[in-house]
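Any read-out appearing in this document is the output of simple, stated calculations on the displayed coordinates, not a laboratory observation. Please read all numbers here as calculations on a predicted model, not as lab measurements. Glycine gets a Cβ as well: all are built from the backbone with ideal geometry, and neighbour counts include every protein chain shown.
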Amino acid sequence: MSISSEVQTENDDESRKWIDRIYKKAVLPIQINASSATYKIFREYIKSKYDDYEDAKKEGDRLLKKCSKELPDYLMQFDIPDNISLDVDFYETIIHYKTPVSLASYEGDMDIVLILARMGVNYTKKTAMRDEGKGNDPIRMAEREDGFENAIGLPGPSAEAVRSELEKSRFWEKYPDLRMTLSVGGSTKEEYLDVFRELHDDVPYLEYVDFEINVSCPNTDDGQKLCEKQEGCDTYENLEKLLEEIREIDNDIPIYVKLSPDFSDEKILELAEICKRHKMGIVLTNTKYVDSDVLSTGGGGYSGPKNKERALQLVNLVHEKYKEYDKYSNLEFDKIPLKICGGMETCEDVLRAQNAGGNVPVQMGYAMFKDPYGAIVKTNYGLSKFCEKNGISSLNDFHDLAKEVRGKYAV
Ligand SMILES: Cc1cc2nc3c(=O)[nH]c(=O)nc-3n(C[C@H](O)[C@H](O)[C@H](O)COP(=O)(O)O)c2cc1C
């Protein structure tokens, strides 16, 4: 290369860096804030037109799909910054996540998922059941001042239909940087196993997915049955047997078990021991049961910011506080992969989750409904700014930062 072309290349690099800095400082914030504000205005307007939140969501989804075809890409599409990845050590298999932000399990519509993925988020599919189900009667979802109450009751297509919808979506080809988690539900052990096999056996997407076993739904008769002790038995044999048989089908694939914030600390630790024995991670947590004067069932699960402190406390319990219990102190839970879910909404929450011991992407539920631009894009870019400022190139390096920096995000 001649000296003049070397100088030219250096100048090009400098200009590119300069344009990139201007874009991030001046253009991107406007782009994100404008998209976020527009979304929130439309959401409030649509909500005001319907008595039942589910009807408002259907209309909102219809409009979002229409907009995604008609609006310019720059309003809906955002790159994931390169410095916020997370490598998860799943019992000695390393799984790479380009972003540490993930949808919680609630969305079943793949068209909506593909739109949210354009903003840069991993995906957790709504729990699949073996047979098609209607769920509970309306009203089964209500927005309160600060969060949702829901008693949807796991409605949706059969696991067979879910699988064919997933295959058709080609999510893993369109978004190779993002991972999918498939949530498995059931009423009996056999039903869970049927759903797992349906979504697992001979599928084209297996290397791109994790599984999540939902044994903590508070809105169906049997949603938490697998986490109960059988009469006359003082261990959690139901869960033990389920996990054992799932591991007979696939001994290696990343699998998480989603637990309830309503379980006692002691019960969470007993279940964590079973998960560890079967090389499984844990999701902490599902919705918290609350009585409700709106829902047809008289009660349901709460989603929203009030879940945050309990979720952080439970993640920290399994990660390190278990050592304070004589019964568990020698069990080396530190390595259990932990996904946090509950009231998460900002970049600060992701950093607090890291401090608590949450070492897998953070799942967000209510925050996604409220403002996906805030939850996904602001969090991704907020984390990127944090990493840049502190000179780290991935979120794994967060743990090597000085105590004073990490301490700002106390559990
Ligand atoms: C409408 C709705 C549907 C949900 N469906 C499921 C589900 O199918 N499976 C599941 O494991 N959790 C489900 N959840 C619970 C969420 O995945 C999440 O655990 C819960 O909302 C707590 O997170 P958040 O406080 O960030 O919302 C649902 C929540 C809502 C609001």
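So how tilted is helix 237-249 from the main axis of the chain? Cα-based, degrees 0 to 90, rounded to 10.
Long axis of 237-249 versus the principal axis of the chain: about 50 degrees.
Once the Cα gyration tensor of segment 1-74 is found, what semi-axes does its equivalent ellipsoid get, as square roots of 5 times the eigenvalues, in whole Å, sorted largest first?
Working from the Cα gyration tensor, I get semi-axes of 46, 13, 6 Å.
Which of the peptides 371-383, 149-161 is most tightly packed, and how do the rest follow, going by the mean number of other Cβ atoms within 10 Å of each residue?
Details: 371-383: 23.0, 149-161: 20.4.
The packing order, highest mean first, is 371-383, 149-161.
Go ahead and estimate [θ] at 222 nm for the chain from helices alone: -39,500 (n - 2.57) per DSSP H run with n ≥ 4, summed, over the residue count, rounded to 500.
Values: 15 runs with 168 residues, N = 411.
About -12500 deg cm²/dmol.
Which aspartates and glutamates have a Cα lying under 16 Å from the Cα of residue 57, excluding residues fewer than 8 positions away in the same chain?
Cα-Cα hits under 16 Å: 44, 107, 109, 111, 143, 149, 371.
Which FRET efficiency value, to the nearest 0.05, do you get for residue 327 and residue 146 by plugging their Cβ-Cβ distance into 1/(1 + (r/R0)^6) with R0 = 30 Å?
On the way: r = 36 Å, r/R0 = 1.22.
Taking R0 as 30 Å, the efficiency between residue 327 and residue 146 is 0.25.
Which entries in the list 174/385; 24/378; 258/339 go over 21 Å, if you measure between the two C-alpha atoms of each? Please list the in-between numbers first.
Working: 174/385 27 Å; 24/378 12 Å; 258/339 9 Å.
Long pairs (Cα-Cα over 21 Å): 174/385.
What's the ranking of 353-365, 123-135, 34-46, 233-245 by average number of surrounding C-beta atoms within 10 Å, highest first?
Working: 353-365: 26.6, 123-135: 20.5, 34-46: 14.7, 233-245: 16.3.
In descending order of packing, they fall as 353-365, 123-135, 233-245, 34-46.
Mark the label point 7 Å from the Cα of residue 248 along Cα→Cβ and return the residues of segment 171-206 whose backbone N is within less than 17 Å of it.
Taking a point 7 Å out along Cα→Cβ of residue 248, the residues of segment 171-206 whose backbone N falls under 17 Å are 188-198, 201.
Of 54, 231, 345, which is the most mobile in a GNM of the chain whose springs link Cα atoms less than 10 angstrom apart?
Largest GNM mean-square fluctuation: 231.
Calculate how steeply helix 159-169 sits against the longest principal axis of the alpha-carbon atoms of the chain, using the helix alpha-carbon long axis, and give the answer as 0 to 90 degrees to the nearest 10.
10
If we sort 290-297, 222-229 on the protection proxy, mean other Cβ atoms within 10 Å, highest first, what's the order? Don't jump to the answer; show the numbers that get you there.
On the way: 290-297: 15.4, 222-229: 18.1.
Highest mean packing first, the order is 222-229, 290-297.
Roughly how many Å is it from the Cα centre of segment 120-140 to that of segment 340-411, as a whole number?
27
What is the spin-label model distance, in nm, from residue 207 to residue 77 if the labels are put 7 Å beyond Cα along the C-beta direction?
2.6
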